[in-house]
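Structure first, commentary second.
The values are calculated or read from the model by the stated rules, or taken from the named source; none is laboratory data. This one's a predicted model, so the numbers in the text were calculated from it and none came from an experiment. Here Cβ is always computed from backbone atoms with ideal geometry, including for glycine, and neighbour counts include all displayed protein chains.
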């Protein structure tokens with residue numbers, strides 16, 4: 001059975017926020033019956049572009065990580081919802097806008113912090129992967145469609161196909177230690193969650209300091 005996945009390349013994200021704007025354009029003020037109520041104008045980031053600065057001036061690396069709902073296979077929010085949140089056969093996790101009415105506690109059930117409370121509608125809300133569009137034949141949700149950098153895409157894959165892609169592209173899940181089995185995979189995640197080591201190699205000839213050329217630097221674990 002094919003499931004839907006987000007594939008996100010951290011190295012390609014430039015923090016343009018096209019994904020966020022497209023999501024907001026699709027959902028703010030629009031009810032999608034059976035999927036979600038309208039997103040409020042302020043406060044919700046159903047796909048949140050998070051920023052990480054590493055290093056020290058002048059040697060700095062800045063990375064951005066788009067963070068939607070993880071659409072987990074073993075989702076804590078589903079377990080805590082009493083039937084208000086469900087996971088479809090295609091892997092998309094949806095919050096039922098009627099069954100979840102008044103259940104503000106579900107916001108805290110997500111270990112990734114991607115469920116938001118809509119005070120106006122009195123419901124918890126999150127990324128739906130634009131399921132209403134995918135069910136209508138769209139190939140990509142609005143966020144992925146708007147990503148000019150190619151940092152974000154949605155795919156529909158059998159497990160075997162997914163495993164081949166993971167091996168070929170070095171894909172990783174966010175916080176696998178949480179045991180939720182997310183359907184969001186990241187490429188170049190080290191740009192965000194690993195330390196950044198940098199420096200300059202120079203040589204001194206008489207009183208002149210110049211950049212060293214053709215130098216190989218090796219790092220050793222102490």
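Against the test of being surrounded by fewer than 10 Cβ atoms within 10 Å (Cβ to Cβ) and either closer than 22 Å to residue 88 by Cβ or within 18 Å of the chain's Cα centre (by Cα) (or both), the options 136, 206 yield a single qualifying residue, 136. Restricted to the stretch 1-75, the set of strands (runs of 3 or more DSSP E) holding at least 2 residues that are touching a helix residue (DSSP H, G or I) at 6+ places or on another chain (Cβ under 6 Å) and in contact (Cβ under 8 Å) with a residue 12 or more places away in the chain comprises 59-67. Exactly one residue out of 139, 161, 177 is in a loop (DSSP other than H, G, I, E, B) and at pLDDT 95 or above, and it is 139.
One residue is enough: does the stretch 189-200 have a residue meeting the conditions closer than 25 Å to residue 91 by Cα and not in a loop (DSSP other than H, G, I, E, B)? For the stretch 189-200, residues closer than 25 Å to residue 91 by Cα and not in a loop (DSSP other than H, G, I, E, B): absent.
Given (1) more than 17 Å from the chain's Cα centre (by Cα); (2) crowded, with 18+ Cβ neighbours inside 10 Å; (3) outside any loop (DSSP other than H, G, I, E, B); (4) touching a residue at least 40 places away in the same chain (Cβ under 8 Å), where does residue 94 come up short, assuming only one miss? Unmet for residue 94, out of (1) more than 17 Å from the chain's Cα centre (by Cα); (2) crowded, with 18+ Cβ neighbours inside 10 Å; (3) outside any loop (DSSP other than H, G, I, E, B); (4) touching a residue at least 40 places away in the same chain (Cβ under 8 Å): (1).
Here is a check on your reading of the model: is residue 76 over 18 Å from the mean Cα position of the chain (by Cα) and surrounded by 14 or more Cβ atoms within 10 Å (Cβ to Cβ)? Answer is no for this residue. Taking the listed residues 109, 86, the one that is farther than 30 Å from residue 16 by Cβ and surrounded by 17 or more Cβ atoms within 10 Å (Cβ to Cβ) is 109, with no other qualifying.
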